[in-house]
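A.B. asks: First the structure, which I've put down as structure tokens, then a few questions once you've had a look.
The values are calculated or read from the model by the stated rules, or taken from the named source; none is laboratory data. As the structure is a computational prediction, the values presented were derived from the model and not from experiment. Virtual Cβ from ideal backbone geometry, glycine too; neighbours counted across all protein chains shown.
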């Protein structure tokens, strides 16, 4: 059995996949959007419509640089708005979940870096941290010995 929703009604027999819109799908002209950050006079949670999509694309497979011109319900028009500052109203919960996951991942990475940086300092017996915690203990001892030899102490 073939699912009729994947067929083109204009060209019977031609399979056309459904277009799904996720958080990274570019907005189209006329699409309703919601601001997720305060941007140049447009507060967070302001509803508007995309009036113009412009930017630069990378033909080598890189990420395109896309900006939007958005006309808000109060009549104001704001240009050069990044995709990361906008979301479709029906995808607001998915966006919030993704942002919470990013914050948690950043916190986990930061704590891992702090743990890795604290380990050499504990091994060297220097709990003070700083530059000395990044230098191997053998080199620090060699430097102390040379300083004592040169200064006669």
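A.B. asks: Pairs under 8 Å by beta carbon, first residue at positive phi in the stretch 40-57, partner outside any loop (DSSP other than H, G, I, E, B), six or more apart or different chains?
C.D. replies: Qualifying pairs under 8 Å: 40/78; 41/78; 45/34; 45/35; 55/65; 55/66; 55/67.
A.B. asks: List the number of the failed condition for residue 64; all other conditions in (1) modelled with pLDDT under 85; (2) in contact with a helix residue (DSSP H, G or I) (Cβ under 9 Å, 6 or more places away or on another chain); (3) within 21 Å of residue 23 (Cβ to Cβ) hold.
C.D. replies: (2)
A.B. asks: Just to be sure I understand, how many residues within the stretch 71-84 are within 10 Å of residue 40 (Cβ to Cβ) and buried (at least 19 other Cβ atoms within 10 Å of the Cβ)?
C.D. replies: Qualifying residue count for the region: 2.
A.B. asks: Kindly check whether there is at least one residue in the stretch 115-133 that is touching a strand residue (DSSP E or B) at 6+ places or on another chain (Cβ under 7 Å), modelled with pLDDT under 80 and outside any helix (DSSP H, G or I).
C.D. replies: Taking every residue of the stretch 115-133 in turn, none turns out to be touching a strand residue (DSSP E or B) at 6+ places or on another chain (Cβ under 7 Å), modelled with pLDDT under 80 and outside any helix (DSSP H, G or I).
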